[in-house]
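Engineer: Structure in structure tokens, see below.
The values are calculated or read from the model by the stated rules, or taken from the named source; none is laboratory data. These numbers come from a predicted model, not from an experiment. Because the Cβ atoms are built from the backbone with ideal geometry, glycine has one as well, and the counts that use them run over all protein chains shown. We work out accessible area using only protein heavy atoms, side chains counted, and drop any ligands, DNA or RNA first. Shrake-Rupley method; radii C 1.70, N 1.55, O 1.52, S 1.80 Å.
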Amino acid sequence: MALTGRTALLAAIGSLPVGILEPSWPGILAVNAPLALACACDAVLATPVRRLGLTRSGDTSVRLGETADVTLTVTNPSGRPLRARLRDAWPPSSWEPGTETAASRHRLTVPPGERRRLTTRLRPTRRGDRQADRVTIRSYGPLGLYARQGSHQVPWTVRVLPPFTSRKHLPSKLARLRELDGRTSVLTRGEGTEFDSLREYVPGDDTRSIDWRATARHSTVAVRTWRPERDRHILLVLDTGRTSAGRVGDAPRLDASMDAALLLAALASRAGDRVDLLAYDRRVRALVQGRASGELLPSLVNAMSTLEPELVETDARGLTATALRTAPRRSLIVLLTSLDAAPIEEGLLPVLSRLTQRHTVLVASVADPYVARMAASRGNPEAVYAAASAAQAQAERHRTAEQLQRHGVTVVDAPPEDLAPALADAYLALKAAGRL
């Protein structure tokens with residue numbers, strides 16, 4: 001039960017003259033007794049809240065930064081009209097700051113035996129599952145003096161998926177892939193490429209590509225053409241340890257790594273390669289294996305949506321052992337991790353040879369553009385000291401990258417907005433060189 005502001009206002013207006021002219025309890029009771037009787041009648045005539053029927057429908061998933069509409073259907077089975085205010089409660093991260101009140105509160109009127117639909121528009125600010133909380137309804141009587149209030153549990157879950165902002169680069173990378181297929185099938189053989197077709201010899205072709213058996217069957221010299229191998233295996237490994245929690249700009253490093261992994265997965269699947277995903281810190285956080293090309297991206301996005309950085313040191317030995325079990329045959333292992341010196345030198349380098357002996361390894365890391373801006377700053381002593389500190393941090397990253405490269409690892413180190421296209425370019429370069 002709840003009194004309304006109208007009730008308090010009427011009680012104040014009725015009590016004020018009595019308090020000024022002749023203050024007495026009997027006078028105050030004489031004025032407010034009719035008001036109390038009206039409140040009691042209003043409470044009896046208000047539609048019961050517990051008997052209302054509530055169901056949900058609408059969106060079950062949404063990309064981060066976009067909106068999702070969840071419809072709440074309110075059914076009034078009683079014989080009285082429902083006049084109510086309703087609050088559809090969701091976690092705070094379901095809305096942008098300052099918009100929750102307008103989005104979650106509704107006024108409604110439902111005639112007896114009818115139903116009405118209310119739409120709550122969510123705009124989540126974080127990835128993961130957003131679960132609906134209680135629906136609180138305040139049902140008012142016909143006079144608006146008294147209200148019945150109650151809550152209903154109406155479960156619903158909206159999964160907030162990674163935004164995949166790097167998909168804007170996919171058309172240009174696919175164009176480069178088509179160009180690569182056409183160019184390499186005509187001009188190059190390259191180690192690790194597969195046979196494509198035969199064509200007539202043109203001056204300047206490599207004589208080692210001449211097919212003498214086909215030449216003997218025809219009146220012209222025939223040469224073999226080659227194309228980059230398809231059906232290669234790529235394992236995307238996301239390091240979800242403490243280094244992935246560091247924020248670069250407005251998002252953790254893990255979010256930029258996931259965006260880059262999605263672009264590479266989309267490109268590789270179009271190239272005819274098989275892509276798997278492993279997320280690991282001290283245990284497996286997500287594993288996607290054996291998905292067909294049409295199911296790959298939805299499976300990856302769904303698996304990544306609930307990933308969060310864990311504030312623990314990544315177990316490099318466990319990660320390596322799990323990666324080797326996940327990729328038993330020769331593969332391209334793309335490790336999205338940090339280039340911080342300590343985790344690499346103490347964790348990854350001692351076990352790196354186990355990966356490079358059997359696989360091609362590519363390490364991708366998110367660089368902080370703020371460090372680059374600090375390194376270029378001048379003008380006062382504070383800026384000079386900041387520039388020196390930033391230059392030292394950059395030098396440490398370069399040394400770490402050189403250590404990895406000496407072990408045969410390809411390294412990609414780029415800011416968040418450039419990491420995805422840079423990683424895709426590195427994949428295309430490896431494919432053109434026949435190293436997959």
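Engineer: Which condition does residue 365 not pass, out of (1) under 24 Å from residue 252 (Cβ atoms); (2) at pLDDT below 95; (3) of a type in the set (Ser, Thr, Tyr), if it passes all the others?
Structural biologist: Of the numbered conditions (1) under 24 Å from residue 252 (Cβ atoms); (2) at pLDDT below 95; (3) of a type in the set (Ser, Thr, Tyr), the odd one out for residue 365 is (2).
Engineer: Out of the stretch 320-331, which residues are of a type in the set (A, V, I, L, M), open to solvent by less than 10 Å² (accessible area, probe 1.4 Å) and under 13 Å from residue 280 (Cα atoms)?
Structural biologist: Selection gives 323 alone.
Engineer: Suppose the filter is modelled with pLDDT of 90 or more and more than 30 Å from residue 89 (Cβ to Cβ); does residue 244 pass it?
Structural biologist: The answer is yes for residue 244.
This table checks each residue for (1) of a type in the set (Gly, Ala, Ser); (2) touching a residue at least 40 places away in the same chain (Cβ under 8 Å); (3) part of a strand (DSSP E or B); (4) at negative phi.
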| residue | (1), (2), (3), (4) |
| --- | --- |
| 79 | yes, no, no, yes |
| 106 | no, no, yes, yes |
| 112 | no, no, no, yes |
| 138 | no, yes, yes, yes |
| 143 | no, yes, no, yes |
| 147 | yes, yes, yes, yes |
| 151 | yes, no, yes, yes |
| 155 | no, yes, no, yes |
| 168 | no, no, no, yes |
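Engineer: Going by the conditions given, is residue 299 among the polar types (S, T, N, Q), in contact (Cβ under 8 Å) with a residue 60 or more places away in the chain, surrounded by 14 or more Cβ atoms within 10 Å (Cβ to Cβ) and out of contact with any helix residue (DSSP H, G or I) (no Cβ under 8 Å at 6 or more places or on another chain)?
Structural biologist: Criteria not met by residue 299.
Engineer: In this structure, does residue 309 turn out to be open to solvent by 10 Å² or more (accessible area, probe 1.4 Å), of a type outside the set (Asp, Glu) and farther than 13 Å from residue 241 by Cβ?
Structural biologist: It is false that residue 309 is open to solvent by 10 Å² or more (accessible area, probe 1.4 Å), of a type outside the set (Asp, Glu) and farther than 13 Å from residue 241 by Cβ.
Engineer: Would you pick out the residues in the stretch 381-396 that are in contact with a helix residue (DSSP H, G or I) (Cβ under 8 Å, 6 or more places away or on another chain) and either in contact (Cβ under 8 Å) with a residue 60 or more places away in the chain or charged (D, E, K, R) (or both)?
Structural biologist: 396
Engineer: Consider residue 294 carefully, then state whether it is surrounded by fewer than 21 Cβ atoms within 10 Å (Cβ to Cβ) and part of a loop (DSSP other than H, G, I, E, B).
Structural biologist: no
Engineer: Hey, any hits in the stretch 198-220 for a residue that's open to solvent by 60 Å² or more (accessible area, probe 1.4 Å) and either within 20 Å of residue 329 (Cβ to Cβ) or in contact (Cβ under 8 Å) with a residue 40 or more places away in the chain (or both)?
Structural biologist: no
Engineer: For the stretch 119-153, which positions are hydrophobic (A, V, I, L, M, F, W, C) and in contact with a Ser or Thr (Cβ under 7 Å, 6 or more places away or on another chain)?
Structural biologist: 122, 135, 145, 147
Engineer: Report, by residue number, each residue of the stretch 336-359 that is open to solvent by less than 10 Å² (accessible area, probe 1.4 Å) and under 19 Å from residue 265 (Cβ atoms).
Structural biologist: Within the stretch 336-359, 336, 359 meet the criteria.
Engineer: Still on this structure, please answer the following. Looking at the stretch 182-212, which of its residues are modelled with pLDDT under 75 and in a helix (DSSP H, G or I)?
Structural biologist: Correct list: 182, 183, 184, 185, 186, 187.
Engineer: Return yes or no: is residue 179 part of a loop (DSSP other than H, G, I, E, B), acidic (Asp, Glu) and either open to solvent by 60 Å² or more (accessible area, probe 1.4 Å) or modelled with pLDDT of 95 or more (or both)?
Structural biologist: The answer is no for residue 179.
Engineer: If you scan the stretch 394-431, which residues turn out to be open to solvent by 40 Å² or more (accessible area, probe 1.4 Å), assigned to a helix (DSSP H, G or I) and among the small types (Gly, Ala, Ser)?
Structural biologist: Hit for the stretch 394-431 is 429, nothing else.
Engineer: If you go through the stretch 261-291, how many residues are closer than 24 Å to residue 176 by Cβ, part of a loop (DSSP other than H, G, I, E, B) and among the small types (Gly, Ala, Ser)?
Structural biologist: Count: 2.
Engineer: Does residue 305 satisfy the condition of being in contact with a helix residue (DSSP H, G or I) (Cβ under 8 Å, 6 or more places away or on another chain) and small (Gly, Ala, Ser)?
Structural biologist: no
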